[in-house]
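The structure appears below as structure tokens.
The values are calculated or read from the model by the stated rules, or taken from the named source; none is laboratory data. All values reported here derive from a predicted model rather than from experimental measurement. FYI the Cβ positions are ideal-geometry reconstructions off the backbone, even for glycines, and counts take in every protein chain you see. Quick note on the areas: whole protein, heavy atoms, side chains included, nothing else; ligands and nucleic acids left out. Shrake-Rupley method; radii C 1.70, N 1.55, O 1.52, S 1.80 Å.
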Amino acid sequence: PDLLRPLGFVLAWSYSDRLIPLIGRGVWSFAVARFARIYPLYLAVLIWVCAPGIVGHALPEDTWLHFLALQTWHPDLAVAFGLNGPGWSIGVEFFLYALFPVLIVAIGWVRENPRLLLAFALAAVLAVGLLTWWFSATGRGQLSPLDPESAHRWLYRTPLTRIGDFTVGITAS
């Protein structure tokens with residue numbers, strides 16, 4: 001996730017001309033390229049990690065989430081970090097890849113309208129401020145990362161909250 005800003009920048013630098021205008025062939029080409037770059041190695045590692053459980057017929061019931069790279073959406077850290085701890089970030093990447101074509105078009109449109117850009121920037125600052133205040137006021141900021149209600153789960157690991165980092169990178173391109 002610390003790489004999401006540069007990832008947004010690199011993707012925008014590499015793909016914006018192929019995705020604007022937004023057409024099916026460009027989106028398909030982007031999706032296949034990103035999937036082919038990430039998923040085969042992720043799958044190989046996951047199979048390697050699961051091999052003892054496959055042989056012993058003792059895989060967790062949530063294993064399918066890992067194969068679909070959806071474990072990062074699960075509130076339980078034992079599931080999200082379970083089979084392959086670092087693998088949770090692949091789910092975040094896939095989510096952001098899915099949003100990228102829409103974001104690149106939207107950001108291009110917003111860049112052309114300075115008032116809209118200012119409105120989005122102010123809304124983002126306000127949203128971050130309110131979210132920070134809410135997690136502090138409710139005590140969730142002090143909870144253990146193992147608690148599903150903690151700020152860690154909702155601010156760091158949840159794919160939705162990573163959109164901001166990614167968008168900053170796209171905007172910087």
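According to the square roots a ≥ b ≥ c of the eigenvalues of the Cα gyration tensor, what is the shape class of the stretch 73-173, taking rounded for a/c under 1.5, prolate for a/b larger than b/c otherwise, and oblate for the remainder?
It comes out oblate by the Cα gyration axes.
Contact order, relative form, for the stretch 71-173: 32 percent (alpha carbon pairs under 8 Å, 6 or more residues apart, mean separation divided by residue count).
Membrane-span-like helices in the chain, defined purely by DSSP H runs whose alpha carbon atoms cover 15 Å or more axially and whose average Kyte-Doolittle hydropathy reaches 0.0, are 4-19, 24-56, 88-111, 114-137.
Where nothing but the Cβ of Lys and Arg (+1) and of Asp and Glu (-1) is charged, how large is the charge dipole of the chain around its Cα centre, in debye to the nearest 20?
Computed about the Cα centre, the dipole is about 500 debye.
Computed from the C-beta positions of Arg25 and Leu99 and an R0 of 22 Å, the FRET efficiency is 0.70 to the nearest 0.05. Could you compute the net charge surrounding Leu146? Neighbours are other residues with a C-beta less than 15 Å from the C-beta of Leu146; K and R count +1, D and E count -1. Once all neighbours under 15 Å are counted, the net charge is 0. Just to confirm a number: summing +1 for Lys and Arg and -1 for Asp and Glu over residues other than Thr158 whose beta-carbon lies under 15 angstrom from that of Thr158, what do you get? Summing Lys/Arg as +1 and Asp/Glu as -1 gives -1. Roughly to the nearest percent, how much of the accessible area of the chain is carbon and sulfur, given a 1.4 Å probe? Carbon with sulfur: 72 percent of the solvent-accessible area. Annotation for Ala137 and Val168: the two label points, set 7 Å from Cα along the Cα-Cβ direction, are 2.4 nm apart. Please say if the stretch 1-76 is rounded, prolate or oblate, where rounded means a/c under 1.5 for a ≥ b ≥ c the square roots of the C-alpha gyration tensor eigenvalues, and otherwise the choice is prolate for a/b larger than b/c and oblate otherwise? Verdict is prolate for the stretch 1-76. All C-alpha pair distances within the stretch 41-112, sorted into 5 Å bins from zero, spread as 4, 16, 23, 18, 12, 8, 7, 6, 4, 2, 1, 0 percent across the bins.
Solvent exposure of the chain amounts to 60 Å² per residue of accessible area, where only protein heavy atoms count and the probe is 1.4 Å.
Say R0 is 41 Å: what FRET efficiency, to the nearest 0.05, do Val49 and Phe120 get from their beta-carbon distance? That pair, Val49 with Phe120, gives E of 0.50. Charge tally for Ala80 (other residues, Cβ to Cβ under 15 Å; Lys, Arg +1; Asp, Glu -1): -3.
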